[in-house]
Amino acid sequence: WGSNGSGQLGDGTNTSRSVPMAVSGTVKFQALAAGASHTCGLTADGKAYCWGYNANGQLGDGTTSYRNVPTVVQGGLTFRSLTSVYLHNCGVTTGGAAYCWGYNAYGQLGDGTTTPQSVPTIVPGGFTFQSLTAGQSHTCGVTGAGVAYCWGYNAYYQLGDGTTTQRPAPTAVQGGIVFQSLTAGTYHTCGVTTGGAAYCWGYNWNGLLGDGTSGSRNVPTAVVGGLTFQALTVAFGHTCGLTGGGAAYCWGSNGYGQLGNGN
């Protein structure tokens, strides 16, 4: 439901909907991931489908044609997870290899180039990832050993490598921290360690890094408060986390009440 000018609702039309509409076809999905004007889904047997806006090849079907129904991603790959964002997508195969496709002006596909790709393209380096997260113009992944890597746009330190250098291939996040998961936003990234500690880095507009300051950070910086998190999620101007006991905490911008604290 929602905007549908590019067919991103997958119901066979370009009509916006204010109530849930069934996605066309008989494909059964176990997970979905939404980008700016496109959507992707993963079936139980690991096949990826995408639909909607496709000017940069983000549907992965080898074309730049918009699709208003689910269209299979080319390459015959079997994925265990997908992540979609603004104009690109990435997936982890059952063997732990990372593939990305779509817009690539900042190297966010991690293939060593800045060329858009209309089919899944492997992230080189022989990495075995357990998960990936796509930000607006950067991507990050955690290996099975908990090592974090990021690539793509880095003007706001969101890659966590101590620089503002754009990286078209995976670059290690500094600090030697062992992560269990990462979440990438527009200009910042956060992660949860295997012990449940939260770290963030990048742009710190209105305190969205949670370190008690408004200064941007080019390496992972601990979120203050001594909380133990099981998961984090980031957006353009704020960050939220879920503790092991199920309590929700949020920090950063709050002009629209997005922190949920009653003001």
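A few points about this structure:
- Relative contact order, whole percent, for region 56-102 stands at 35, derived from Cα pairs under 8 Å and 6 or more residues apart.
- Extents of region 185-236, taken as max minus min of Cα coordinates on every principal axis and listed largest first, are 26, 19, 17 Å.
- Directionally averaged projected area (the chain, Cα convex hull): 13.8 nm².
- Annotation: every cysteine of the chain has a disulfide-compatible partner (Cβ-Cβ under 4.7 angstrom).
- The chain, accessible surface, carbon-and-sulfur percent (1.4 angstrom probe): 51
- Rolling a 1.4 Å probe over the protein heavy atoms gives region 75-217 an accessible area of 34 Å² per residue.
- For region 9-89: rounded, prolate or oblate by the Cα gyration tensor [a/c cutoff 1.5]: oblate
- Annotation: Cα Rg of region 67-139 relative to the compact-globule expectation 2.2 N^0.38 Å equals 1.02.
- Dividing the Cα radius of gyration of region 66-192 by 2.2 N^0.38 Å, with N the residue count, gives 0.97.
- Prolate/oblate/rounded call for region 169-263, Cα gyration tensor, a/c under 1.5 rounded: oblate
- The chain, dipole about Cα centre (Lys/Arg Cβ +1, Asp/Glu Cβ -1), debye to the nearest 20: 180
- The alpha carbon centroids of region 163-182 and region 10-72 are separated by 30 Å.
- Convex hull of Cα atoms in region 127-198, direction-averaged projection (nm²): 4.1
The values are calculated or read from the model by the stated rules, or taken from the named source; none is laboratory data. These numbers were taken from a predicted model, which means no experiment stands behind them. Heads up, the Cβs are rebuilt from the backbone with ideal geometry, glycines too, and the neighbour counts pull from every protein chain shown. For accessibility, only protein heavy atoms count, side chains too; no ligands or nucleic acids. Shrake-Rupley method; radii C 1.70, N 1.55, O 1.52, S 1.80 Å.
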